[in-house]
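The values are calculated or read from the model by the stated rules, or taken from the named source; none is laboratory data. Source: prediction; values computed, not measured. FYI the Cβ positions are ideal-geometry reconstructions off the backbone, even for glycines, and counts take in every protein chain you see. Accessible surface areas use protein heavy atoms only, side chains included; no ligands, DNA or RNA. Shrake-Rupley method; radii C 1.70, N 1.55, O 1.52, S 1.80 Å.
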Amino acid sequence: MAHFMKRHLISFCPTLAPPPSLLPATVTFFYSLSQVTTETMTVIIPSLPHAHLSAPPLPMSILRRLPFHSLTPCHYRPRRRFSTLAAVRQDTTVWTPTPISSIETAAESLFHISIDVSSSPDLAASHTLPGQYLQLRLLDVEKPSFLAIASPPSLAASSGAFEFLVKSVAGSTAELLCGLKKGDVVELSQAMGNGFNIDKIDPPEDYPTVLIFATGSGISPIRSLIESGFGADKRSDVRLYYGARNLRRMAYQDRFKEWESSGVKVVPVLSQPDDSWTGESGYVQAAFSRAKQIHSPKGTGAVLCGQRQMTEEVTSILVADGVSSEKILKNF
């Protein structure tokens, strides 16, 4: 027993000698065998001042029942990793309070929202590329929303405004946002993401064909791209296939003429049109398959934003026709 205690339980402070009398004491060590079972072992040791105790080895009867991994007594567990995890989970997003300038109906279930960032030059300057997005947070609402910026970067620089096209979905943060009014304050993160890397389909003379596809509120970052200018007027074939359920759900119809004058042919596609509709019907990918007219796959680029099924199917069609996947641009 004395040899056992000397090896495993007692280490003296080198400058102090043990006292002449030793009083017995009882120390109980606890070992965690699993998440639900615990075993204890009680050892009688002498009471020594300035002694440091360490847990004795586990008996073989216990060791045989444990999985092969490092064992640590329950009363001593490192805590550093927990503080590290807590630090990683901290939100490092910089939030800027900004007032709403206007909220207007853009189409059925879609709202055009303008937010004043003129008092936040760093925030305005963070929007540098069409296709970027940011986080928007409402006061007293914990979960933020990710929104693509619909306005071109030049609007933030010249007018100090960010514009968004927001779909109101029942029970979502977006629904609460669409219910606000002018002057209400929201919080914005800085613009993020790489946007649409137009450099991949430049110069225009090398990529005369650019095919653009959007569905629903996915037209939002496409508007930013078209109004930022990507040399559409210097390309021979730029088409926008824009899908919605019907004309009542199609935003930005008042901008179509302006877009066409910049060199973009707009092809509206309605999945559930009324009887008076004479344009393209069905899904965007089907309308494109009927038309195609890709004269030079190597000189063709594409920009996609919208429903996942649409983007996947259009990508498959383009690649099958010889368009390089590297020339198919997305903003997420």
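Total residues in segment 271-284 satisfying the condition of being under 15 Å from R239 (Cβ atoms) and either acidic (D, E) or touching a Gly at 6+ places or on another chain (Cβ under 9 Å) (or both): the figure is 2. When segment 110-129 is filtered for residues that are in a strand (DSSP E or B), open to solvent by less than 20 Å² (accessible area, probe 1.4 Å) and not aliphatic (A, V, I, L, M), only S114 remains.
When segment 279-315 is limited to residues that are in a loop (DSSP other than H, G, I, E, B) and open to solvent by less than 50 Å² (accessible area, probe 1.4 Å), the one that is nearest to K167 (Cα to Cα) turns out to be G306. Looking at segment 165-192 only, could you name the residues that are in contact with a helix residue (DSSP H, G or I) (Cβ under 8 Å, 6 or more places away or on another chain) and more than 19 Å from D122 (Cα to Cα)? Answer for segment 165-192, where residues must be in contact with a helix residue (DSSP H, G or I) (Cβ under 8 Å, 6 or more places away or on another chain) and more than 19 Å from D122 (Cα to Cα): L165, V166, K167, S168, V169. In segment 76-109, of all residues being modelled with pLDDT of 95 or more and assigned to a loop (DSSP other than H, G, I, E, B), the one that is farthest from S217 (Cα to Cα) corresponds to W95.
Here G263 passes the criteria (1) assigned to a helix (DSSP H, G or I); (2) surrounded by 15 or more Cβ atoms within 10 Å (Cβ to Cβ) except the one numbered (1). Within the option set S145, S151, S159, being buried (at least 21 other Cβ atoms within 10 Å of the Cβ) and under 16 Å from I100 (Cα atoms) holds for one residue only, S151. The residue list K200, K181 contains one member that is surrounded by fewer than 19 Cβ atoms within 10 Å (Cβ to Cβ), touching a residue at least 60 places away in the same chain (Cβ under 8 Å) and part of a loop (DSSP other than H, G, I, E, B), which is K181.
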